[in-house]
Amino acid sequence: MRDDVQVDDSLRVTARVAIPLAEIVLRASRSSGPGGQHANVTESRIEASFDVAASATLSEAQKARVIERCGPVVRAIAQDARSQARNRDLALERLRERLARALAVQAPRTATKPSRSARERRLSQKRHRGETKRGRQAPEDG
């Protein structure tokens, strides 16, 4: 695992948030799919789960944001590699990415309106298009 992600028994989620590994539950189980004799006897699949509501690290606002976006328990599973240690690193990295996305504060949208020239340009284009379509019609005999 990269050094900037896992620092002193904690998972660095953002610049300001680091979750202690004690708050993350890691569970090993048998990996699914093909793999022959090795896959049948090793528990290399890792599931990392983080109970948001029970966390002492996150503030109430951060907890509410994560629960709203990911639910009360955030999980990440890795069974890509043969090695349990590599899958542990992958699961923690995926958990970190999920939490970082959930903790990101979205900037409020600022309402804008089209400029006068943009409105005039749009109406001019509409008039021109209408004239083009009128020019395609059969002449009225009247």
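The values are calculated or read from the model by the stated rules, or taken from the named source; none is laboratory data. Model, not experiment: these values are computed from the prediction. Don't worry about glycine lacking a Cβ; one is built from the backbone with ideal geometry, like all the others, and counts go over all protein chains shown.
Test T57 against the stated conditions and say whether it is over 23 Å from I19 (Cα atoms) and among the polar types (S, T, N, Q). Judged against the criteria, T57 is not a match.
Criterion applied to A104, A111, A118 was being under 25 Å from S10 (Cα atoms) and of a type outside the set (V, I, T), and the one residue passing it is A104.
Scan the range 47-96 residue by residue and report those that are of a type in the set (A, V, I, L, M) and more than 20 Å from the chain's Cα centre (by Cα). Matches in the range 47-96: A54, A56, A81, A85. Of all the listed residues (R12, R30), the sole one being buried (at least 18 other Cβ atoms within 10 Å of the Cβ), at pLDDT below 95 and touching a strand residue (DSSP E or B) at 6+ places or on another chain (Cβ under 9 Å) is R12. Considering S55, S32, the condition of being outside any helix (DSSP H, G or I), of a type outside the set (D, E, K, R) and in contact (Cβ under 8 Å) with a residue 40 or more places away in the chain is satisfied by S32 alone.
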